[in-house]
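> Structure incoming, see below.
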């Protein structure tokens, strides 16, 4: 079998819980040698129940099984910290000082430290699994998630910890290419990057958006719609989505109705639409409806449960799931985060505590990796999932070149949450091409990149692009599976130009398999990827969030894929092609549900806003704000009494009383108020932009030896860097570049916004 891509990387994992062990699991599943060292009493994830049904006897938690397969497990006294290239820890710095895990001590032996903690490495405590509701609340996005008159609504499971773990795995690969001794990834900062669109709207437009509920009206039909045997998530973004739905529903006369065709004019007619479509859905199964979408241009997804996933033909064809052996039983769960040569690795065992198998002998051979600030990647990406990669990596020093064309260009340049989406006082920008440079969403997720406009459909443009490939290290592409081959940019062609080149392709459902051609918006991936069936209030059956959470999830795994490919290229001398399914990336964050389903033949239970196994996890309604509350043990009774009179207190007073009673509490702000409140306020960067002026953006989720990196520059203007990039990087001379521009192979202007329908009074 081929060597896995991270072969040769040595990792010690002292982390417990979810985030650090998920980082270790990702690295182990890619071929790194990971040794887990548990504290006395063991990792608490071993006994963590995943819903309201407690574990039985000495049953190993499905969460622990998902997070810890493929690792060795060694007693503390048998481990030499200097054996490792990287140590993964879940401790704050105050608890590491003057120990064998102190970053200064480790660095003396060229061992680096990556920590992942709830509130940051300088906080008083590292946080615990049950802090999930508090961290989600602290981000502020929950103030925009839920229904009017009801409590805010969290994401299900341990999403902040999974996001932080994914980023920590990326940093374990990055830190070895830097002079940094310690990188910390806070759950809070990590989850903020996954809510960027909420803040892109809020910080850019400076106007409050109303709650949109379970079925957002501006993209209706939307949300999770009940059908004969479950739920379906229809996509209604593009005109073709509406056309196909009208044909399927048997109402073709609505296709060209001016009040219905434009989705922004549809909201007043939603009751009429519901009346027509509800019987159609209730008469069909979710598989029947999804098959209609697969056979047509309509974008739609079915809400998949874990039991669905275990028998899903697409996941089976792609080999995403496999056997995981434990000391007690054999489970089924995710065995690789993406497809690449050498994956999945053979070792999928969960070992007993303190197992002596780990080979700790042998001198550590220094890894010869290129410095991070000498690496260059190309992004052929649109929207959010693909651009997320460069957005989080560019502040660390990697060079990112964004490829656009005049048709198509990145549609995020035109995405607006309002009628025109301009800040007060900048409304005039909608009347000319400055419109394309003033989008808060585009400017939020493309900071620090160069913009190079090339027509890849022409031979001359393609040749210029290949010269960029010759002098770059990797490519991220989040187009449909057929796009790169149709452009003549298959892996073989690219590696003929540059043998060490890394290609990460990230279609919604992967490059192959029965669903490979399906369209996948964030809402559809949420439905198909294990989130929607767990999400929502306890009186609901399924729900789609309003934040397109699968996009950053895919971006995090794509960043890991890119860095894994670069590690392989440096250690083997050969490039690597990686097939990353956004669908599978989302399931990674519900791996415990898949393991549970395989062991007990049941779906994971719905928890609403609660944490499993904790006596009090809820939202309290105070006189001015919702407040998240967590209490257990001796704090349960006094906090429960406080909840009964929370409406009589202000949020700040209520928080003080809960904390004095031994509980934990966090005020729930929203994307419009949180930027002026801690902890979000100190995690913002002010970035000057030539069109919009200074704008606040969410900052990096990382601290490097205690300092948070800043964006290197604003998001690029269209065609801003084309000539410079082709001259300085591709090595083309001035005359050649001028000729390419003159003949329309590079550069160009976008059409006036009015020609694309962006006309505002």
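> Which of the residues that make up segment 503-534 are in a helix (DSSP H, G or I), touching a strand residue (DSSP E or B) at 6+ places or on another chain (Cβ under 6 Å) and within 18 Å of residue 338 (Cα to Cα)?
Passing the criteria: only 528.
> From 117, 178, grab the single residue that is at pLDDT 95 or above and crowded, with 21+ Cβ neighbours inside 10 Å. Reasoning before the result, please.
Values: 178 fails: crowded, with 21+ Cβ neighbours inside 10 Å.
Exactly one of 117, 178 is at pLDDT 95 or above and crowded, with 21+ Cβ neighbours inside 10 Å, namely 117.
> Next up: Taking the condition of being closer than 12 Å to residue 379 by Cβ and assigned to a loop (DSSP other than H, G, I, E, B), how many residues in segment 435-463 meet it? Give the steps one after another, and end with the answer.
Step one: list which residues in segment 435-463 are closer than 12 Å to residue 379 by Cβ, which gives 445-446, 448-452.
Imposing the further condition that a residue be assigned to a loop (DSSP other than H, G, I, E, B) reduces the set to 446, 448-449.
Looking only at that region, the number is 3.
> Then there's this: If we scan segment 162-174, do we find a residue that is surrounded by fewer than 24 Cβ atoms within 10 Å (Cβ to Cβ) and under 30 Å from residue 308 (Cα atoms)? Reasoning before the result, please.
Filtering segment 162-174 down to residues surrounded by fewer than 24 Cβ atoms within 10 Å (Cβ to Cβ) leaves none.
Among the residues of segment 162-174, not one is surrounded by fewer than 24 Cβ atoms within 10 Å (Cβ to Cβ) and under 30 Å from residue 308 (Cα atoms), which makes the answer no.
> Run down 197, 167, 176 and say which single residue is in a helix (DSSP H, G or I), on the phi < 0 side of the Ramachandran plot and in contact with a strand residue (DSSP E or B) (Cβ under 6 Å, 6 or more places away or on another chain). It would help to see each step written out before you state the result.
Numbers: 197 fails: in contact with a strand residue (DSSP E or B) (Cβ under 6 Å, 6 or more places away or on another chain); 176 fails: in contact with a strand residue (DSSP E or B) (Cβ under 6 Å, 6 or more places away or on another chain).
Of the residues listed, the single one that is in a helix (DSSP H, G or I), on the phi < 0 side of the Ramachandran plot and in contact with a strand residue (DSSP E or B) (Cβ under 6 Å, 6 or more places away or on another chain) is 167.
> Would you be able to tell me the number of residues in segment 99-134 that are in a helix (DSSP H, G or I) and without any contact (Cβ under 8 Å) to a residue 60 or more places away in the chain? Show your work before the answer.
Residues of segment 99-134 that are in a helix (DSSP H, G or I), as a first pass: 103-107, 129-134.
Narrowing further to those that are without any contact (Cβ under 8 Å) to a residue 60 or more places away in the chain: 105.
Within segment 99-134, residues that are in a helix (DSSP H, G or I) and without any contact (Cβ under 8 Å) to a residue 60 or more places away in the chain number 1.
> When segment 96-105 is examined, which residues are found to be touching a strand residue (DSSP E or B) at 6+ places or on another chain (Cβ under 9 Å) and surrounded by 17 or more Cβ atoms within 10 Å (Cβ to Cβ)?
Of all residues in segment 96-105, those touching a strand residue (DSSP E or B) at 6+ places or on another chain (Cβ under 9 Å) come to 96, 101-104.
The answer is 96, 101, 102, 103.
> Would you confirm, using the coordinates I've provided, whether residue 466 is in a loop (DSSP other than H, G, I, E, B), touching a helix residue (DSSP H, G or I) at 6+ places or on another chain (Cβ under 8 Å) and without any contact (Cβ under 8 Å) to a residue 60 or more places away in the chain? Lay out the reasoning, then the answer.
Values: in a loop (DSSP other than H, G, I, E, B): no; touching a helix residue (DSSP H, G or I) at 6+ places or on another chain (Cβ under 8 Å): yes; without any contact (Cβ under 8 Å) to a residue 60 or more places away in the chain: yes.
No: the conditions fail for residue 466.
> Would you say residue 417 is over 30 Å from residue 179 (Cα atoms), surrounded by fewer than 21 Cβ atoms within 10 Å (Cβ to Cβ), touching a helix residue (DSSP H, G or I) at 6+ places or on another chain (Cβ under 7 Å) and at pLDDT below 90?
Values: over 30 Å from residue 179 (Cα atoms): yes; surrounded by fewer than 21 Cβ atoms within 10 Å (Cβ to Cβ): yes; touching a helix residue (DSSP H, G or I) at 6+ places or on another chain (Cβ under 7 Å): yes; at pLDDT below 90: yes.
Taking the combined requirement at face value, the residue satisfies it.
> When segment 57-74 is examined, which residues are found to be more than 28 Å from the chain's Cα centre (by Cα) and closer than 26 Å to residue 121 by Cβ?
If the condition is that a residue be more than 28 Å from the chain's Cα centre (by Cα) and closer than 26 Å to residue 121 by Cβ, then 73, 74 are the ones that fit.
Conditions tested, residue by residue: (1) in contact (Cβ under 8 Å) with a residue 40 or more places away in the chain; (2) buried (at least 20 other Cβ atoms within 10 Å of the Cβ); (3) in contact with a strand residue (DSSP E or B) (Cβ under 6 Å, 6 or more places away or on another chain); (4) over 27 Å from residue 119 (Cα atoms).
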site	(1), (2), (3), (4)
26	yes, yes, no, no
31	yes, yes, no, yes
45	yes, yes, no, no
50	yes, yes, no, no
64	yes, yes, no, no
73	yes, yes, yes, yes
76	no, no, no, no
80	yes, no, no, yes
84	yes, yes, yes, no
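For every residue, the table says whether it meets (1) under 30 Å from residue 728 (Cβ atoms); (2) without any contact (Cβ under 8 Å) to a residue 12 or more places away in the chain; (3) crowded, with 24+ Cβ neighbours inside 10 Å.
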{"residue": "472", "(1), (2), (3)": "yes, no, no"}
{"residue": "484", "(1), (2), (3)": "yes, no, no"}
{"residue": "488", "(1), (2), (3)": "yes, no, no"}
{"residue": "492", "(1), (2), (3)": "yes, yes, no"}
{"residue": "496", "(1), (2), (3)": "yes, yes, no"}
{"residue": "528", "(1), (2), (3)": "no, no, yes"}
{"residue": "547", "(1), (2), (3)": "no, no, no"}
{"residue": "562", "(1), (2), (3)": "yes, no, yes"}
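> Considering only segment 278-309, state which residues are in a helix (DSSP H, G or I) and closer than 20 Å to residue 511 by Cα. Walk me through it before giving the result.
Step one: filter segment 278-309 for residues in a helix (DSSP H, G or I), giving 278-282, 286-294, 306-309.
Listed by number, the residues that qualify are 290, 291, 293, 294, 309.
> Is it true that residue 244 is within 27 Å of residue 412 (Cβ to Cβ) and modelled with pLDDT of 95 or more?
Numbers: within 27 Å of residue 412 (Cβ to Cβ): yes; modelled with pLDDT of 95 or more: yes.
Yes, satisfied.
The values are calculated or read from the model by the stated rules, or taken from the named source; none is laboratory data. These figures come from a predicted structure and were not determined experimentally. No Cβ is skipped: glycine too gets one built from the backbone with ideal geometry, and neighbour counts run over all protein chains shown.
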